[in-house]
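Values quoted throughout were computed directly from the atomic coordinates according to the rules given, and no laboratory measurement underlies them. What you are looking at is a predicted structure, and each value in this text was computed from that prediction instead of being measured. Neighbour counts run over all protein chains shown; Cβ positions are idealised from the backbone, glycine included.
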Amino acid sequence: MSQRTYDLEHLCQGACMNSYRRKVRTYEHAYAAYQTAHHNWRNDIAAWHAPMMWPTEPAEPAEPRLPYPVPGSPVYCSDCGYALKSKLSKLDGAACVYLRESDGLRGQSGEAKVSGSEESRSPSPTIDDLDDLDSWLRSWKAAYLGIDSLSRQGSLSDSISLGTAWLVVRAERILANPDIARYFGSEVEEWHAKLIRYDPSDVVVERLKGVRCPECKSFTLQRRVGDDKVTCGTPKCDRVLTLVEYRDLLEEVKKPRRVA
Ligand SMILES: [Zn+2]
Ligand SMILES: [Zn+2]
């Protein structure tokens, strides 16, 4: 028997074939380890003499049990293409929540930074992230239109909304182009992964450490990102706090203890 090879190149490059690719890679690694072990075994046999134990031959790894391969058309299958388009369309809403979260926590303005001025980079990592998102959206629009660059129109959040909507409409065409689909797809994945916890349409629960539930005294407070209420995660404890109440409690905890 020899190593079986698999064609990963023509598979859908999306998430549907992740387990396929992972199993093939695991098999390839196992096979490489087997070949080394087998080589060593042959050396051991050549050097064998009584009364040494006869070396055991290493076993060849079994071929992986793979899911049915889904080809890319040309790069992603239609399900994964649809999923990418949907992820792209969620970036706008997630960016809004992200901005609101950081405003609420730090009292900073969404328009603190002027586009294109490197020196005046805002100290807020949120604005920097969203600025990067906006640049990314604009660079794809420019690439699509075949021009060098596009400057920002309007405010940061408006520009993100417009840029996202513009690309969503053209996502299928971009994904149908084998030269760029993969770059586009993986960058959409990256942005989505970065902003997913702010996506208001996905239930993302943030565990709030640092403050005990006023009712059951456990560190089980949690909040859906974007919500302004905090709930207790202890079964049977239905305590609900407003975000403001929670922040007040957090302030209390952070205060240095006064010596009585
Ligand atoms: Zn797929
Ligand atoms: Zn509780």
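Among I180, I45, the order by Cβ neighbours within 10 angstrom, fewest to most, reads I45, I180.
State, as an integer percentage, the relative contact order of the chain based on alpha-carbon contacts under 8 Å between residues 6 or more apart. Let's see the in-between values first.
On the way: 283 pairs, mean separation 40.1, N = 260.
About 15 percent, as a whole number.
Give the calculated FRET efficiency between R170 and D7 to the nearest 0.05, with a Förster radius of 30 Å applied to their Cβ-Cβ distance. Using R0 = 30 Å, I get an efficiency of 0.50. For the chain, the spread of Cα positions along the three principal axes, ordered from largest to smallest, is 81, 65, 40 Å. When the chain is treated as a GNM with alpha-carbon contacts under 10 Å, the residue of L175, L167, L243 showing the greatest mean-square fluctuation is L243.
Angle of helix 156-175 to the longest C-alpha principal axis of the chain, folded into 0 to 90 degrees and rounded to 10: 30°.
Here E190 and A62 are evaluated by their C-beta separation; at R0 = 30 Å the FRET efficiency comes out at 0.30. Hey, rough spin-label estimate for W54 and R197, points 7 angstrom out along Cα→Cβ, what's it come to in nanometres? Each label point lies 7 Å from its Cα, and together they span 5.9 nm.
Taking the number of other C-beta atoms within 10 Å as the exposure measure, put V211, V244 in order starting with the fewest. Could you put the intermediate results ahead of the total?
Values: V211 20, V244 12.
Lowest count first: V244, V211.
Residue exposure proxy: Y246, Y98, ordered by other Cβ atoms within 10 angstrom of their Cβ from fewest to most, comes out as Y246, Y98.
Comparing A50, A165, A59 in a Gaussian network model of the chain, where Cα atoms under 10 Å apart are tied by springs, the biggest mean-square fluctuation is seen for A50.
Each Lys and Arg adds +1 at its Cβ and each Asp and Glu adds -1 at its Cβ; summed about the Cα centre, the chain shows a dipole of about 920 debye. Roughly how tilted is helix 78-106, in degrees to the nearest 10 and between 0 and 90, from the longest Cα axis of the chain? Helix 78-106 and the main axis of the chain meet at about 40 degrees. Once the Cα atoms of helix 181-195 and of the chain are each reduced to a long axis, what angle between those two axes, in degrees from 0 to 90 to the nearest 10, is obtained? Once rounded, the angle reads 50 degrees. For segment 1-71, build the charge dipole from Cβ charges (+1 Lys, Arg; -1 Asp, Glu) around the Cα centre, then report which of A15, H49, A30 sits farthest towards its positive end. It is A15.
Under 5 Å between amide hydrogens, built in the peptide plane, is the criterion, and for R239 it picks out C232 among residues at least 5 positions away or on other chains. The overall shape of segment 1-71 is prolate: from the C-alpha gyration tensor, with semi-axes ordered a ≥ b ≥ c, the ratio a/c is 1.5 or greater and a/b exceeds b/c. Enter the Cα centre distance for the pair segment 119-180 and segment 47-105, rounded to the nearest angstrom. Cα centres, segment 119-180 to segment 47-105: 27 Å.
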